[in-house]
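See structure below.
The values are calculated or read from the model by the stated rules, or taken from the named source; none is laboratory data. Being a predicted model, the structure only gives us computed values, none of them experimental. Cβ coordinates were reconstructed from backbone atoms using ideal geometry, including for glycine residues, and neighbour counts include every protein chain displayed.
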Amino acid sequence: MRNVLRLAVAAALLIPSSAFAQGAKCDRACLTDMMTRYLNAMVAHDPSSVPVAPNVKFTEDSKVMKLGEGTAWKSVTKVRSYRVDIVDVPQGVTAVQTVLEENGTPILFTARLKVVDRKITEAETIVVKTREEGALFAPENLKEPTAMMRYRPTAAERMPRDQMVALAARYPAGLKMRSFEKSDVPFAPNAYRFENGVKMAGPGCTFQPPSCENMRTQRIPTLAGLTQRLVAVDEEMGVVLFWMNFGPGSLPGAGGRALVTLEAFKVFGGQVHAAEAIFEGQPSGGPSGWD
């Protein structure tokens, strides 16, 4: 009886520890809420209203700063209705593409948060205020997420994360060799690409139609100096997010500047269905702050 009692007490003592471990894990809803709290904190100009780790690291446009510094934290006054969330539960990462306001003026915004023990340890952001900053700039086209980005793939359509990443990675590989056909990107028939709110490829594209309507055969520049980093894989929604610096030639005549982006690829059923990006000009080949 004494041994049984000891075991019962030991088991009881283990329950709170186990429950705490489960509670500390941030699931999809928790990660999405963390991004909402982060955006709301920006509007309130109050970084203390979000839970952060003591050593939290923050960048805006690849520059390392103290959380709460930078243009967005000081100037944002509203979050508009357009918002695409990319949530990587296994990695504790949540990312967003959205439109903010600065006293009524729209701002393109994208961010990645790393969450550990329900506290933000990393915050990476890109803020685009003008066409001069982003080369393309049409936030008025971003009212609501596209139907494709809202689409939740069926269980049969979903793919293992390593296969999703491999298919999405063929896209930057194609940019490096100037051909999506050579890199064999398996685009869906109606695949499209949005860049800063402008439809640059796919049916109804605005960039040199009709040649831009077929993403696989579309003429693209050679971006041999492109560098990339995997940011998140949202297995439930079928999205792979890459950070990319397009390198020399991506912004001709821009004095050593290149396009830098967090670009989301919709991948399911063995095909790439969409690419949606928010980007701006930054130093070509420069550090991202997360190298």
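Values for this structure:
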quantity	calculated
Any hit, region 182-194, residues being surrounded by fewer than 21 Cβ atoms within 10 Å (Cβ to Cβ), in contact with a helix residue (DSSP H, G or I) (Cβ under 7 Å, 6 or more places away or on another chain) and acidic (Asp, Glu)	yes
Unique residue being modelled with pLDDT under 95 and not assigned by TED's automatic domain parsing to the domain that holds THR32 when the list is PHE180, PHE207	PHE207
Any chance MET35 is under 25 Å from VAL267 (Cβ atoms) and either in the same structural domain as VAL267 (by TED's automatic domain parsing) or buried (at least 18 other Cβ atoms within 10 Å of the Cβ) (or both)	yes
Residues located in region 183-219, provided they are touching a Gly at 6+ places or on another chain (Cβ under 7 Å), assigned to a loop (DSSP other than H, G, I, E, B) and not hydrophobic (A, V, I, L, M, F, W, C)	SER183, PRO186, ASN196, GLU213
Subset of region 247-259 that is surrounded by fewer than 24 Cβ atoms within 10 Å (Cβ to Cβ) and touching a Ser or Thr at 6+ places or on another chain (Cβ under 9 Å) - its residue that is farthest from SER62 (Cα to Cα)	GLY249
Cβ pairs under 9 Å, 6+ apart, first in region 266-284 and at pLDDT below 95, second surrounded by fewer than 22 Cβ atoms within 10 Å (Cβ to Cβ) and among the hydroxyl-bearing types (Ser, Thr, Tyr)	GLN282/SER62; GLN282/SER288; PRO283/SER62
Tally, over region 70-84, of residues that are at pLDDT below 95 and either assigned to a strand (DSSP E or B) or crowded, with 18+ Cβ neighbours inside 10 Å (or both)	2
Subset of region 159-180 (residues that are outside any helix (DSSP H, G or I) and within 17 Å of TYR192 (Cβ to Cβ))	PHE180
Odd one out for LEU230, checked against (1) in contact with a helix residue (DSSP H, G or I) (Cβ under 7 Å, 6 or more places away or on another chain); (2) loosely packed, with under 14 Cβ neighbours inside 10 Å	(2)
Whichever residue in region 226-245 is under 16 Å from the mean Cα position of the chain (by Cα) and either outside the structural domain of MET177 (by TED's automatic domain parsing) or assigned to a loop (DSSP other than H, G, I, E, B) (or both) and, among such residues, is farthest from GLY281 (Cα to Cα)	GLU236
In region 176-212, the residues that are acidic (Asp, Glu) and either in contact (Cβ under 8 Å) with a residue 40 or more places away in the chain or in contact with a Pro (Cβ under 6 Å, 6 or more places away or on another chain) (or both)	GLU195
Residue check for LEU223: hydrophobic (A, V, I, L, M, F, W, C), free of Cβ contacts under 8 Å to residues at least 60 places away in the same chain and either surrounded by fewer than 24 Cβ atoms within 10 Å (Cβ to Cβ) or not in a strand (DSSP E or B) (or both)	yes
Qualifying residue in region 111-127 (condition: within 30 Å of PRO210 (Cα to Cα) and either in the same structural domain as LEU251 (by TED's automatic domain parsing) or modelled with pLDDT of 95 or more (or both))	no
Residue count, region 85-132 (criterion: assigned to a strand (DSSP E or B), surrounded by fewer than 20 Cβ atoms within 10 Å (Cβ to Cβ) and polar (S, T, N, Q))	2
